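Worksheet for the structure shown next.
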Amino acid sequence: MEASAVAVRDRRGIIDGVRGLDSPWGLRVTGLVGVAVVAAGAYGAGALPGRDPGLGLRGPGTPGAGFWWGLAAWVVGLAILSGAWWRLGSRLGGVSSRWLVTTAALWAVPLLLAPPLASRDVYSYACQGEIWRSGLDPYAVGAADGGCLWSSAVPDLWQHTPAPYGPVGIALSGAAAAVARVVGGSADHQLLVTVTLLRLVALVGGVLIAVYAGRLANAVGVRPASARWLGLLSPLVAVHLVSGAHNDALMAGLIVAALAVAVPAVASRRPTAVVLATSARGAPDAVSGPVATRSNIPDPGIGEHSPHTSTGDAPSPNYASNAAGISFLADRALSWGSAVGAGAFLGLAVGVKVTAILALPFVILLVAGWRLRRNTPAWATIAQAGLTVTGTGALVFTAATLATGLDLGWIGALSDTGSLVQWTSLPTGIGMAAGYVFRAAGYPGAVDTTIDVARAGGIVALAVIGLALCWRALRATLALHPANALPTPGSAGAESAGVLSQPGTANREPATTPAGGGPDAAADDEPVTGSSRVISRAEPETSPDHPDTDEAKRRRDVVAACGWALVAAAVLLPVFYPWYALVPLAVLACATPPGRTRTALATAAIAVTVLTLPNGLGLPVLTKLPGAILDVAIVAALAYRFRNHRNNHDDPVPADGSR
């Protein structure tokens, strides 16, 4: 009996331990262990500045034992990190956004102390900055031709390739190289200083995502913690933002900031009232009118809060008229101030990488949508928003270009990036597959032609998809005009309730908010109670999903269209690298509520991360034929799904509503 009791206690202890590991804190520690294992592997198989430890994978020779140990650590560590991150996605109801940001910072520390992983691009950035610092034109010469001290660390493919980045990216790289020169020491020591500073620049992009993702998610009715989990904590961010220090990290942060600033902050801090119970004296169940809160933030739909709200008295006509006038002027100032701020962020993003220009029409529509709520002329408002945002962005970009003394030479350098042929670009993979067919038929010279034709088709497809997404975003924006607006859905019901979903499951359960503000409530969001026991709190960071008001849905459609346009650009342009996914993932994280789409995005974030080995060698280079066949299968599946979708929409719906 005694032995039996001991066995039962042991089993209970094991179960309690497993449950502890599956708690948010346990998953935080588990993810940190995974990151630490990945970082340890970087010393044996990472993108070291000296000789490539995995050089024998593509050429003569065999990698040493250190590489294989490092590769094993990479695989095991990423598996642990991915599992912890995935499970954490189902525990978001018990953590705050602040807790998630702290977790992201903890997970970044081991990688910051280790060599870069999965790419050697940071060494190219260092050389481009050093070339500019020395007075040469990085748009005219490559690392080797410019006499960079660290050119041996740059991959052979980019030794003679000019910089394809904008003046902001070059200036930041040059500043890092200049500081390294001041610090002095050996060439290796200076390179270490430069890489460290460039990692800090990439972390600025992460900080921008951490700050503005919550604001943008709130504005479009998505839970901020969900947005930060997907856009800030994924293995993709750990490997390619923190460790790889890619310019795409800063561009992602600036684009998210531009989209968030395009909607005035008051739209993302609207108070939400939760009725807990009626008073003992028989107060009504529903309290009409806005509820006063500690934040004292005006409701953008009705102007300033009336001092009579707490008692239920009707405001005087004079007060209502004055409040409406003040609210209109405040809205006008907010909208155009947001236009200038959004344009400035977008101009800086384009100054890092030109592909950020794809976000311009969506930023304009977000700015215009805020003013359209005031019944302003639709097309005139959109035109004014376009002029303000575009003018501000062009001014910032021009100022950066003039300040750095650079020209538009990066345009010509963009063509050099297409020299690499990999199936991760969908049209390139289709062209490769067609070329293999022609080669088997006895026409080996047709491979280059088929790839060029497929890439041209990809550009056309990108233009068509981009225009379709712009049209969808335009319709969503025009629907915000009072003349076109639909009735706002009620706050009750499954569709308007905040929901949390575990990735990989279709089951959804309504999120509950306790009287204390819920597990997601920030410490400084102290509720205010009244006689009817209505709790109202401003929700800057950690609110449950906002009720799906029509206004929030329309803004979400615009942000989602921007994200999918960036996805289309990533996969349809001639070249795709895993870190290109940082930008669309950061945007879509803010516009994707729980469901199958978010699960698919989380799956893609993990899959894309492992497309490169820790030393920077891309798996697509080693899998050309299987990858090309996979691209053909993907296109065929998309075409089949699109055809079925069209057929379902064309079929008439019977009177009883069933198909």
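The values are calculated or read from the model by the stated rules, or taken from the named source; none is laboratory data. Being a predicted model, the structure only gives us computed values, none of them experimental. In this analysis, Cβ positions are derived from the backbone assuming ideal geometry, glycine residues included, and neighbour counts consider all displayed protein chains. Surface accessibility is based on the protein's heavy atoms, side chains included, excluding ligands, DNA and RNA. Shrake-Rupley method; radii C 1.70, N 1.55, O 1.52, S 1.80 Å.
Here are some notes:
- Our coupling estimate for region 355-367, obtained by passing each phi through the Karplus curve with A = 6.51, B = -1.76, C = 1.60 and θ = phi - 60°, is 5, 5, 4, 5, 7, 4, x, 6, 5, 4, 5, 5, 5 Hz, Gly and Pro reported as x.
- A cut-off of 5 Å between modelled amide H atoms, ignoring neighbours fewer than 5 places along the same chain, links Thr612 with Leu619.
- For the peptides 372-379, 633-640, the ranking by mean Cβ contacts within 10 Å, running from highest to lowest, is 372-379, 633-640.
- From most to least packed by mean Cβ count within 10 Å, the peptides 605-613, 434-442, 582-590 give 582-590, 605-613, 434-442.
- Sequence ranges 151-163, 80-92, 243-255, 183-195, ranked by mean other-Cβ count within 10 angstrom, highest first: 243-255, 80-92, 151-163, 183-195
- Only protein heavy atoms count here; under a 1.4 Å probe, Thr30 has an accessible surface of about 40 Å².
- The candidates Phe67, Phe642, arranged from most to least accessible area with a 1.4 Å probe in the full protein assembly, appear as Phe642, Phe67.
- Per-residue accessible area (protein heavy atoms, 1.4 Å probe) orders Arg455, Arg475 as Arg475, Arg455, starting from the largest.
- Of the two radii for region 333-487, the radius of gyration is 1.14 times the Kirkwood radius, both from the alpha carbons; that is the Rg over Rh value.
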